[in-house]
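As structure tokens, the structure follows; a few thoughts come after it.
Rule-based calculations on the coordinates, nothing more; no lab input. Remember, it's a predicted structure, so these values are computed and weren't measured experimentally. Positions of Cβ are backbone-derived with ideal geometry, glycine not excepted, and every protein chain shown enters the neighbour counts.
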Amino acid sequence: MSLRKKFTGTGIAIVTPFNTDGTIDWDSYKRLLKFWIDGKVEYLVVLGTTGESATVHGAEKQDVFSFVKNEVAGQLPLVAGIGGNDTMDVARQFRELDLSGYDAILSVSPYYNKPNQEGIYQHYKTLDAASPLPIIMYNVPGRTGMSVSAETTLRIARECPKIFATKEASGNFDQINQIIKGKPADFMVISGDDPITLQMIAGGAEGLISVVANAYPKEYSDMVRLCLAGKFAEAKKLHSKYLDIISSMFAEGSPSGVKAYLSEMGLCKNAFRLPVWQVSEKHQAKIKELMKTV
């Protein structure tokens, strides 16, 4: 199966379920994986931002990658989230982690350091040379503090052969349009923003890596498929139905919001690793009410 076929549609940036003592809740993980597979999404992204990757390290990271691979057992394509602000450490992880059973790597642009555009390009050029798998780059300036410009994204798309897609979460439609207009034909643009996915697909994006689909995998992947089929009137009905839910998932931070939903559904505990914390009691009550609407 081609990369384009594997990664067109809906991927989920999956949560990592924890027990209240901070250990990984493997029983809930197994339950969630079945829920997502049954929801008919196209692929899963393991240990992205929504998976609280910043607090999963070393051997435990390998444990998560191996567990998901073994549970999914080829039923869906898998993407390993491996990123950071130390280029050489990310490249080392590419080499040392056992990524058998994975189809690609998602690697966020460097955060905190705030490199210039040449530094961002050189970061991805180094990862391109080191990677055992195809790479989806990830631009999320609201978290990293530095946007990958359209010009840099297109340069990477042309000059880094293993980087076949960008998860674009800048929310900047001028930038998104410039990338879609100027990209090589085989380079994919994937939405990283649930609220504007319909509009991005209308402009030429090829799908979504979703937070919302953690809780509503079938409904949101149906919406994306309708968009990709050009059935925007039908897609808009689903999009509108879930718009308030989408907003509520991000109102007090992510993954705090989506785990509030999953805990209400009985799929995992409302537990995190610091500094991530639960939504407020007031917001949890609002979430309970919103869930009744769908």
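Table for the structure above
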{"quantity": "Cβ-placed point charges (K, R +1; D, E -1), dipole of the chain about Cα centre in debye, nearest 20", "calculated": "560"}
{"quantity": "Förster radius 25 Å - calculated FRET efficiency between Glu96 and Ile37 (Cβ-Cβ, nearest 0.05)", "calculated": "0.30"}
{"quantity": "Charge context of Lys6, other residues only, Cβ under 14 angstrom, K/R +1, D/E -1", "calculated": "-2"}
{"quantity": "Protection proxy ranking of 80-91, 199-210 - average other beta-carbon atoms within 10 Å, highest first", "calculated": "199-210, 80-91"}
{"quantity": "Estimated 222 nm signal from helices in the chain, with DSSP H stretches of n ≥ 4 weighted -39500 (n - 2.57), rounded to 500", "calculated": "-14000 deg cm²/dmol"}
{"quantity": "Charge context of Ser149, other residues only, Cβ under 13 angstrom, K/R +1, D/E -1", "calculated": "-3"}
{"quantity": "Reachable aspartates and glutamates from Lys288, criterion Cα separation under 17 angstrom, eight or more residues apart if same chain", "calculated": "Asp244, Glu252, Glu264"}
{"quantity": "Sparsely packed chymotrypsin sites (Phe, Trp or Tyr not before Pro) within region 252-283, loop by DSSP, other Cβ within 10 Å at most 14", "calculated": "Trp277"}
{"quantity": "Convex hull projection area averaged over all views, the chain, Cα basis, nm²", "calculated": "13.9"}
{"quantity": "Listed pairs Lys181/Lys236; Lys40/Lys236; Lys6/Lys236; Lys34/Lys125; Lys237/Lys282 exceeding 26 Å between Cα atoms", "calculated": "Lys34/Lys125; Lys237/Lys282"}
